[in-house]
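Asker: Can you read through this structure? Questions will come right after.
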Amino acid sequence: MALGASQLFQARQLRAFGFVGGRYFRHEQLLLDQAAETRLQELPRGNHVRLRADSVLAEVLLTGPAELLRLLLPGAAHYEVRAPASHPCA
C-alpha cells in the first residue's frame, strides 16, 4: 500500500470515511441531548433535557432495513436508530 502526503480536512468537508478495520463514519444531522451525562460527578440535580440539532460525523454501527448510528461525546454516548417509514420496524 503506497502512502501519500497527509491532508487535513474540516468535519464539514467530509461526507463519510472508513478505516481498514471496518469502522465507518458518515456525516449526519442528529438531534442530540446536550444535557446528557453519565459521569457521576458531572450529573446535575433534577431532570434536564437540552435538545439541539447538530451536524456530526457519526459512526455507522449497522446498515440494512434499519440503521444504528453512534456518536461518542464527553459524558455520554448518543445512539440513533433509523428505519424507513414503510418498514415493519418503524
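Asker: May I ask you to list pairs of residues, at least six apart or on different chains, whose Cβ atoms are under 9 Å apart, with the first in the range 22-41 being in contact (Cβ under 8 Å) with a residue 40 or more places away in the chain and the second being surrounded by fewer than 13 Cβ atoms within 10 Å (Cβ to Cβ) and among the polar types (S, T, N, Q)?
Answerer: Hits for this filter: 28/55; 30/55.
Asker: Quick one: in the range 67-76, which of the residues that are in contact with a strand residue (DSSP E or B) (Cβ under 7 Å, 6 or more places away or on another chain) and under 16 Å from residue 55 (Cα atoms) is surrounded by the fewest Cβ atoms within 10 Å (Cβ to Cβ)? Spell out how you get there, then give the answer.
Answerer: If we filter the range 67-76 for residues that are in contact with a strand residue (DSSP E or B) (Cβ under 7 Å, 6 or more places away or on another chain), which is where we start, we get 67-71.
Then drop every residue that is not under 16 Å from residue 55 (Cα atoms), which leaves 69-71.
On the way: 69: 20, 70: 14, 71: 18.
Only one residue tops the list, namely 70.
Asker: Only residues that are within 24 Å of residue 10 (Cβ to Cβ), surrounded by 11 or more Cβ atoms within 10 Å (Cβ to Cβ) and not charged (D, E, K, R): list them for the range 33-54, please. Before you say what the answer is, go through the steps one by one.
Answerer: Restricting attention to the range 33-54, the residues satisfying the condition of being within 24 Å of residue 10 (Cβ to Cβ) are 34, 52-54.
Among the residues that remain, those that are also surrounded by 11 or more Cβ atoms within 10 Å (Cβ to Cβ) are: 34, 54.
Result: 34, single match.
Asker: Counting residues that are among the acidic types (Asp, Glu) and either at pLDDT below 75 or under 11 Å from the mean Cα position of the chain (by Cα) (or both), which strands (runs of 3 or more DSSP E) fully inside the chain reach at least 2?
Answerer: Working: elements: 16-18, 24-33, 51-62, 67-73, 76-82.
Passing ranges, in order: 51-62.
The values are calculated or read from the model by the stated rules, or taken from the named source; none is laboratory data. From a predicted model like this one, the values you see are computed outputs, not experimental measurements. Counting neighbours? That spans all protein chains shown, and the Cβs are built from the backbone with ideal geometry, glycine included.
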